[in-house]
Amino acid sequence: MPHEDGPASFPLVSIISTGAECRVTFERHREADILTETQSATQNDNVRHFDFQLERCSLLLFTGEAYTRYLHSIDNVEVGTRISLTIRHVDLH
């Protein structure tokens, strides 16, 4: 299910993925579309969706616009087992 991690773990999320490969998807957040309509567009504003294969034993880091303007999701694994460790620094203050 597409989601965002919210401001508590901003600005960086790291995911260590072991076991089976999986597909990671980033979809433009609706609020980012509204922001784009009110500001001057940049080249990256045209990208609404992208996905890629996350290989087994991978490290995925994302920050910046991938964190603030996109929702992310990981598709269900059809074959095999996948273990994902998500590491966030949560500022409690």
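The values are calculated or read from the model by the stated rules, or taken from the named source; none is laboratory data. Everything numeric here is computed off the predicted structure, so don't read it as measured data. Ideal geometry is used to build each Cβ from the backbone, glycine not excepted, and the neighbour counts take in all protein chains shown.
Structure values in brief
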item: Matching residues in segment 50-93 - criterion: being exposed (fewer than 15 other Cβ atoms within 10 Å of the Cβ), among the charged types (D, E, K, R) and in contact (Cβ under 8 Å) with a residue 60 or more places away in the chain; result: R88, D91
item: Number of the exception - G80 against (1) part of a loop (DSSP other than H, G, I, E, B); (2) under 13 Å from the mean Cα position of the chain (by Cα); result: (2)
item: Candidate set from segment 54-77 (those that are polar (S, T, N, Q) and within 13 Å of the chain's Cα centre (by Cα)); member that is nearest to D5 (Cα to Cα); result: T68
item: Single condition H29 does not satisfy, out of (1) loosely packed, with under 13 Cβ neighbours inside 10 Å; (2) at pLDDT 85 or above; (3) under 13 Å from E65 (Cα atoms); result: (1)
